[in-house]
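Below: one structure, written as structure tokens.
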Amino acid sequence: SNVIVEVTYTDVKTGEPALTHVRTALENGKHVISTNKGPPVKAVKELKKFAENKELFYGFEGVVLAGTPVFNLLEYCLAGCVIKEVRGIVNGTTNYILARMEEGLSYSDALKEAQMLGYAEADPTDDVEGWDALGKIVILSNVIFDVNLRWEDVPREGITKLTLEDVKAAKAEGKRWKLIASTRVNEEGAVEAKVALEKLSLSDPLAGVSGSTNALTFVTDELGPVTVVGPGAGRRETGFALLIDFINLNRKTG
């Protein structure tokens, strides 16, 4: 086979074992398609450049928002725009829990329900402490702004400290808590990324994104804000991301 599909478990801190798998495949002249966040969190620019130099394809559409298009949207549809900022809801588990808390469930009951429905893992740390969202915003920052941001550089917040009282108070103000991953170029020209709880006005497009759905808003120079909304997880959706990459591999290599 001349294509390696890498779908092992994710470790955003080390990138392993997937990082070694991807590097080894590329070094041996294989195209790589992967839904694993670990390698692009640690080395997306290096891996993309290495693949290009060897005329190989490294596809990772599924690492952010699963099958909902992000990197293809950037490469093709927004190619003529300068992206100034990206912000969004990139973790469906936490979004589901926050929505259920707004409906009156406690954090622990909402988490149990999310686990029962298969949205949350038995150990939900990656989701509820913001690690999953952190990995995704690091990848987006490095791909869009061509920088070498590390996960250690990005402030991270989860949802575990948010109380039912906080949620009710926001609701009374006509606002809604969301876990937002964001990245932008500041006035000094440096890239600033973070994962943080934000109290959004209900007029914000991201405030209306409910349940386990994900969304990203790209703030552009020519089109203004462009928001893409869709499923951000799931076996079928992640499988669709692999299919997108297979199609693009075929288009590019004929």
For the structure I just gave you, tell me whether Ala196 is surrounded by fewer than 16 Cβ atoms within 10 Å (Cβ to Cβ) and within 16 Å of the chain's Cα centre (by Cα).
yes
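So that you can scan it fast, the table gives a plain yes or no per residue for (1) in contact (Cβ under 8 Å) with a residue 40 or more places away in the chain; (2) in contact with a strand residue (DSSP E or B) (Cβ under 8 Å, 6 or more places away or on another chain):
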{"position": "Glu198", "(1), (2)": "no, yes"}
{"position": "Ser203", "(1), (2)": "no, no"}
{"position": "Val209", "(1), (2)": "yes, yes"}
{"position": "Ser212", "(1), (2)": "yes, yes"}
{"position": "Thr220", "(1), (2)": "yes, yes"}
{"position": "Leu223", "(1), (2)": "yes, no"}
{"position": "Pro231", "(1), (2)": "yes, yes"}
{"position": "Ala241", "(1), (2)": "yes, no"}
{"position": "Arg251", "(1), (2)": "no, no"}
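Return the residues of segment 133-151 that are among the charged types (D, E, K, R) and out of contact with any strand residue (DSSP E or B) (no Cβ under 9 Å at 6 or more places or on another chain); say none if nothing qualifies.
Of everything in segment 133-151, those that are among the charged types (D, E, K, R) and out of contact with any strand residue (DSSP E or B) (no Cβ under 9 Å at 6 or more places or on another chain) turn out to be Asp146, Arg150.
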So which residues in segment 69-91 are of a type outside the set (A, V, I, L, M) and closer than 20 Å to Ala193 by Cβ, if there are any at all?
Phe71, Cys81, Lys84, Glu85, Arg87, Gly88, Asn91
Can you find even one residue in segment 24-43 that is within 18 Å of Val138 (Cβ to Cβ), surrounded by fewer than 21 Cβ atoms within 10 Å (Cβ to Cβ) and in contact (Cβ under 8 Å) with a residue 12 or more places away in the chain?
yes
Would you check if there is a residue in segment 155-173 being outside the structural domain of Thr24 (by TED's automatic domain parsing), under 17 Å from the mean Cα position of the chain (by Cα) and either buried (at least 22 other Cβ atoms within 10 Å of the Cβ) or closer than 23 Å to Gly230 by Cβ (or both)?
yes
Select from segment 73-104 the residues that are free of Cβ contacts under 8 Å to residues at least 24 places away in the same chain and of a type in the set (A, V, I, L, M) and list them in ascending order.
Ala79
When the residues of segment 57-94 are filtered to those that are outside any loop (DSSP other than H, G, I, E, B), in the same structural domain as Val226 (by TED's automatic domain parsing) and polar (S, T, N, Q), which remaining residue is surrounded by the fewest Cβ atoms within 10 Å (Cβ to Cβ)?
Thr93
Hey, any hits in segment 106-124 for a residue that's modelled with pLDDT of 95 or more, touching an Asp or Glu at 6+ places or on another chain (Cβ under 8 Å) and in a helix (DSSP H, G or I)?
no
Every pair of residues 6+ apart whose Cβ atoms lie under 7 Å, when the first sits in segment 153-171 and is touching a residue at least 12 places away in the same chain (Cβ under 8 Å) while the second is basic (Lys, Arg) and outside any helix (DSSP H, G or I)
Val154/Lys194; Pro155/Lys194; Ala170/Arg176; Ala170/Lys199
Positions within segment 227-252 being farther than 20 Å from Asn36 by Cβ and buried (at least 18 other Cβ atoms within 10 Å of the Cβ), in sequence order
Val229
Could you please let me know if Val138 is within 26 Å of Lys49 (Cβ to Cβ) and either within 13 Å of the chain's Cα centre (by Cα) or not assigned by TED's automatic domain parsing to the domain that holds Ile180 (or both)?
yes
Just to verify a result, which residue in segment 131-153, among those that are out of contact with any Ser or Thr (no Cβ under 8 Å at 6 or more places or on another chain) and not in a helix (DSSP H, G or I), is surrounded by the fewest Cβ atoms within 10 Å (Cβ to Cβ)?
Asp146
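Look at segment 7-36 and say how many of its residues are hydrophobic (A, V, I, L, M, F, W, C) and part of a loop (DSSP other than H, G, I, E, B).
The qualifying residues number 2.
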All but one of (1) part of a helix (DSSP H, G or I); (2) within 18 Å of the chain's Cα centre (by Cα); (3) closer than 19 Å to Thr238 by Cα hold for Ala43; which doesn't?
(3)
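The values are calculated or read from the model by the stated rules, or taken from the named source; none is laboratory data. Keep in mind the model is a prediction, meaning the values are calculated, not measured. All Cβ positions, even for glycine, are placed from backbone atoms using ideal geometry, and neighbour counts span all protein chains on display.
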